[in-house]
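Each remark here refers to the structure printed beneath this line.
The values are calculated or read from the model by the stated rules, or taken from the named source; none is laboratory data. As the structure is a computational prediction, the values presented were derived from the model and not from experiment. Cβ coordinates were reconstructed from backbone atoms using ideal geometry, including for glycine residues, and neighbour counts include every protein chain displayed. Side chains included, ligands, DNA and RNA excluded: accessible areas come from the protein's heavy atoms. Shrake-Rupley method; radii C 1.70, N 1.55, O 1.52, S 1.80 Å.
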Amino acid sequence: MKEMYFEIPLYKILEFNNEDEEKGNALLDFINYTGLIDGYNPKINENTSYRVSSFQTTTYYNLRNYVGFHTRELRCVRTGYTITTYFLLEKFETEIEENDFSEIIYKFQKVGQFPTIADLEIGKYKKFSKILKKEYLRELNKAIGLSANGVGIGAFVYLRRIFENLIEKYHQEVKKNNDWNEENYTNSRIAEKIELLKNYLPEAVVKYKKVYSIISKGIHELEEQECLEYFPIVKDAIISILEQDFLKQENANKQKELEKNIQNLVEKLK
């Protein structure tokens with residue numbers, strides 16, 4: 001339910017035939033739902049509850065009655081902040097002559113949203129400006145924006161640059177060590193570089209190092225829709241890495257501040 005509003009990009013098609021009761025019933029539940037869902041509210045920079053409402057006055061129990069456009073409004077119960085989404089349900093009928101029956105194909109997709117998923121997502125990640133250069137924070141925002149508008153391969157390109165930047169940031173620190181073998185590092189593949197840096201990198205980088213190969217495969221081999229399908233998982237892995245990097249920096253800053261305060265207190269008590 002929540003994913004349809006806050007994660008699934010525009011124009012991603014949910015397709016099934018009239019024999020697939022599970023998907024049909026799930027879609028009916030979604031269309032008829034008018035309760036509460038949780039989601040991010042950029043106005044207060046935190047998760048909140050939204051009430052889902054529609055402009056339909058009648059509830060049906062057959063998808064054929066819902067063919068056409070549908071508008072859904074999400075209103076934050078705390079602030080009144082509103083998200084409006086537009087969906088399209090299409091029905092296609094194909095005659096199967098040898099079996100003497102018609103197959104009905106349903107296609108459902110989100111065709112509009114305001115504010116966009118990108119608008120909702122970007123606010124969450126402003127804090128990463130403390131660990132990412134401005135250009136890479138912009139690229140994270142671009143990746144989210146492209147995905148929200150149905151551009152999967154382009155979104156993967158920006159995620160790969162962010163991943164590479166994180167590795168390089170730690171490489172620049174570690175290469176100052178006397179026992180560091182720079183030539184060995186330079187001639188290594190990305191997975192090998194991560195292995196060489198594993199004692200310095202955030203744990204999530206080592207744990208999710210296969211994400212890089214997934215991103216590269218997406219850029220060079222996968223179709224647009226496949227990249228869009230995999231984008232939320234890959235993005236979540238990147239965000240997990242950034243979160244750990246952010247917390248590591250925050251803890252280091254707190255330790256420095258604590259040491260400074262202790263030293264000032266020692267001086268004061270002399």
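Remarks
- Any hit, region 233-245, residues being assigned to a helix (DSSP H, G or I), within 25 Å of residue 109 (Cβ to Cβ), of a type in the set (Gly, Ala, Ser) and open to solvent by less than 40 Å² (accessible area, probe 1.4 Å): no
- Boolean, residue 150 is outside any helix (DSSP H, G or I), under 29 Å from residue 69 (Cα atoms), modelled with pLDDT under 90 and out of contact with any Asp or Glu (no Cβ under 7 Å at 6 or more places or on another chain): yes
- Unique match (being within 18 Å of the chain's Cα centre (by Cα) and farther than 22 Å from residue 169 by Cβ) among 230, 212: 230
- Residue count for region 32-70, restricted to those that are more than 28 Å from residue 124 (Cα to Cα) and either part of a strand (DSSP E or B) or open to solvent by less than 20 Å² (accessible area, probe 1.4 Å) (or both): 5
- Inter-residue pairs, beta-carbon under 6 Å, first farther than 12 Å from residue 200 by Cβ and in region 154-180, second polar (S, T, N, Q), 6+ apart: 155/147
- Flag for residue 251 being in a helix (DSSP H, G or I) and either open to solvent by less than 50 Å² (accessible area, probe 1.4 Å) or without any contact (Cβ under 8 Å) to a residue 60 or more places away in the chain (or both): yes
- Lone unmet requirement of (1) over 20 Å from residue 4 (Cα atoms); (2) crowded, with 17+ Cβ neighbours inside 10 Å for residue 83: (1)
- Filter result for residue 216 (among the small types (Gly, Ala, Ser), open to solvent by less than 30 Å² (accessible area, probe 1.4 Å) and either touching a strand residue (DSSP E or B) at 6+ places or on another chain (Cβ under 9 Å) or not in a helix (DSSP H, G or I) (or both)): no
- Selected residue [over 25 Å from the mean Cα position of the chain (by Cα) and not β-branched (Val, Ile, Thr)] from 250, 173, 223: 173
- When region 1-31 is filtered for residues that are hydroxyl-bearing (Ser, Thr, Tyr) and open to solvent by less than 70 Å² (accessible area, probe 1.4 Å), only 5 remains.
- As a summary of the residue check, residue 77 satisfies the conditions (1) touching a residue at least 40 places away in the same chain (Cβ under 8 Å); (2) within 29 Å of residue 234 (Cβ to Cβ) except for the one numbered (2).
- Contact map, region 46-60: residues that are under 15 Å from residue 83 (Cα atoms) paired with residues that are acidic (Asp, Glu), Cβ distance under 7 Å, separation 6+ or inter-chain. Pairs shown: 47/38; 49/38; 53/73.
- Among residues that are farther than 17 Å from residue 15 by Cα, charged (D, E, K, R) and in contact with a strand residue (DSSP E or B) (Cβ under 8 Å, 6 or more places away or on another chain), residue 72 is included.
- Residues (crowded, with 17+ Cβ neighbours inside 10 Å, touching a residue at least 60 places away in the same chain (Cβ under 8 Å) and part of a helix (DSSP H, G or I)) located in region 111-121: 117, 120, 121
- Among (1) modelled with pLDDT of 90 or more; (2) outside any loop (DSSP other than H, G, I, E, B); (3) of a type outside the set (Lys, Arg); (4) open to solvent by less than 60 Å² (accessible area, probe 1.4 Å), the one test that residue 180 misses: (2)
Here is a yes/no grid of residues against (1) on the phi > 0 side of the Ramachandran plot; (2) open to solvent by 50 Å² or more (accessible area, probe 1.4 Å); (3) at pLDDT below 90:
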position: 137; (1), (2), (3): no, no, yes
position: 154; (1), (2), (3): no, no, no
position: 184; (1), (2), (3): no, yes, no
position: 187; (1), (2), (3): no, yes, no
position: 192; (1), (2), (3): no, yes, no
position: 230; (1), (2), (3): no, yes, yes
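- Cβ-Cβ contacts under 6 Å between residues 6 or more apart (or on different chains), taken from a first residue in region 26-43 that is farther than 20 Å from residue 109 by Cα to a second residue that is modelled with pLDDT of 90 or more and assigned to a loop (DSSP other than H, G, I, E, B), are listed as 41/81; 43/79; 43/81.
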